[in-house]
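Enquirer: I am attaching a structure below and will ask some questions about it afterwards.
The values are calculated or read from the model by the stated rules, or taken from the named source; none is laboratory data. Keep in mind the model is a prediction, meaning the values are calculated, not measured. Reconstructed Cβ throughout: ideal geometry from the backbone, glycine too, with neighbour counts over all protein chains shown. Keep in mind that these areas ignore ligands, DNA and RNA; they rest on the heavy atoms of the full protein, side chains included. Shrake-Rupley method; radii C 1.70, N 1.55, O 1.52, S 1.80 Å.
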Amino acid sequence: MSQPSVILATGSYDHTIKFWEAKSGRCYRTIQYPDSQINRLEITPDKRFLAAAGNPHIRLFDVNSNSPQPVISYDSHTNNVMAVGFQCDGNWMYSGSEDGTVKIWDIRTATCQREYESRAAVNTVVLHPNQKELISGDQNGNIRVWDLVANSCSCELVPEVDTAIRSLTVMWDGSMVVAANNRGTCYVWRLLKGTQTMTYFEPLHKLQAHDGYILKCLLSPEFCDPQRYLATASSDHTVKIWNVDGFTLERTLVGHQRWVWDCVFSVDGAYLITASSDTTARLWTMSTGETIRVYQGHHKAAICCALHDGAESHPS
């Protein structure tokens, strides 16, 4: 198979992963995933593999093959894996699970190299752009920073006691972090550099973004600058786009008929892909907030989406 320049994949409660032609909306590959639901999808920086986080494993699939079998399986979590991501050069993978742990994996050998205990179900994990800190959010409302150099928890925050942190996102330059919770609130902090690698959180803004749950929050990528946006996907069927300068509402994306679970920006921030319980994924243009394409083919809720339309980055 020749490698598509844009890789777009969705995962659904129908136990399939689908790959789509972004422009035409045609599904060109379906992977059956009978073992569990799929909670999260992530594409490796070199665009070669797709990681699918399930229960309780993570499976890695070859993007450029028609093989239905995973290339490798990562197996030491004991409950739903809710978060998965990669170090920027693709040297290692990280994950977070409802078993209360955050793990770092050797991608090639599938061995767990490190494990951090959150003591509550982990819903979200992001890697700081410095590649030296993981930030996790859990069901009890705790946000923790895991310093990978010191190999310890360097910071702990509880913005709202007993309100689950649903999603975390960090600005590409490391200047800001946003946490979204089950009450439709986004907490925004400015990140200040400490003397060591520890990052200090300075409260910047509290945004009541939705009346329902926020299921995903996402800051726009580097090539979107100087515009900086925050996208919030919600159980109220909408995605809202906020201007980070003052956190004013830029536009509301209306079209999904049910919960919107996931969203991902194109590399230049000009487009947004969303996945919804209405079984579809959608491609939106940020300039007008209109739907350009609807991806139809799943039989149950589309829970997660992954997009890689940038240049491949290879291990340094």
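Enquirer: Can you work out which of the residues in the stretch 130-151 that are open to solvent by 50 Å² or more (accessible area, probe 1.4 Å) and not basic (Lys, Arg) is nearest to GLY96 (Cα to Cα)?
Expert: GLN139
Enquirer: May I pose another question? For the stretch 1-29, which positions are more than 18 Å from the chain's Cα centre (by Cα), open to solvent by 60 Å² or more (accessible area, probe 1.4 Å) and of a type in the set (Ser, Thr, Tyr)?
Expert: Correct list: SER2, SER5, SER24.
Enquirer: Name the residues in the stretch 154-193 that are in contact with a Gly (Cβ under 8 Å, 6 or more places away or on another chain) and either assigned to a strand (DSSP E or B) or touching a residue at least 24 places away in the same chain (Cβ under 8 Å) (or both), would you?
Expert: Hits for the stretch 154-193 are PRO159, GLU160, ALA164, ILE165, ARG166, SER167, LEU168, ALA179, ASN181, GLY184, LEU191.
Enquirer: Does LEU219 fit the bill of being within 20 Å of GLY174 (Cβ to Cβ) and open to solvent by less than 20 Å² (accessible area, probe 1.4 Å)?
Expert: It is true that LEU219 is within 20 Å of GLY174 (Cβ to Cβ) and open to solvent by less than 20 Å² (accessible area, probe 1.4 Å).
Enquirer: Okay, next question. Applying the selection to the stretch 89-125, what residues are more than 18 Å from the chain's Cα centre (by Cα), open to solvent by 20 Å² or more (accessible area, probe 1.4 Å) and under 20 Å from CYS155 (Cα atoms)?
Expert: Scanning the stretch 89-125 gives ARG114, GLU115, GLU117, ARG119.
Enquirer: Only one of these is farther than 20 Å from ILE241 by Cα and outside any strand (DSSP E or B): VAL125, VAL149, VAL145. Name it.
Expert: Result: VAL149 is the single residue among VAL125, VAL149, VAL145 that is farther than 20 Å from ILE241 by Cα and outside any strand (DSSP E or B).
Enquirer: Kindly indicate the residue of the stretch 222-238 that is polar (S, T, N, Q) and more than 16 Å from the chain's Cα centre (by Cα) and also most open to solvent (accessible area, probe 1.4 Å) among those meeting that condition.
Expert: Result: GLN227.
Enquirer: Identify the single condition in (1) open to solvent by less than 40 Å² (accessible area, probe 1.4 Å); (2) closer than 20 Å to ILE43 by Cα that GLY297 does not satisfy, given that it satisfies every other one.
Expert: If we test GLY297 against (1) open to solvent by less than 40 Å² (accessible area, probe 1.4 Å); (2) closer than 20 Å to ILE43 by Cα, just (2) comes out false.
Enquirer: Could you check the stretch 257-277 and list, in sequence order, the residues that are without any contact (Cβ under 8 Å) to a residue 40 or more places away in the chain and open to solvent by 20 Å² or more (accessible area, probe 1.4 Å)?
Expert: Correct list: GLN257, TYR271.
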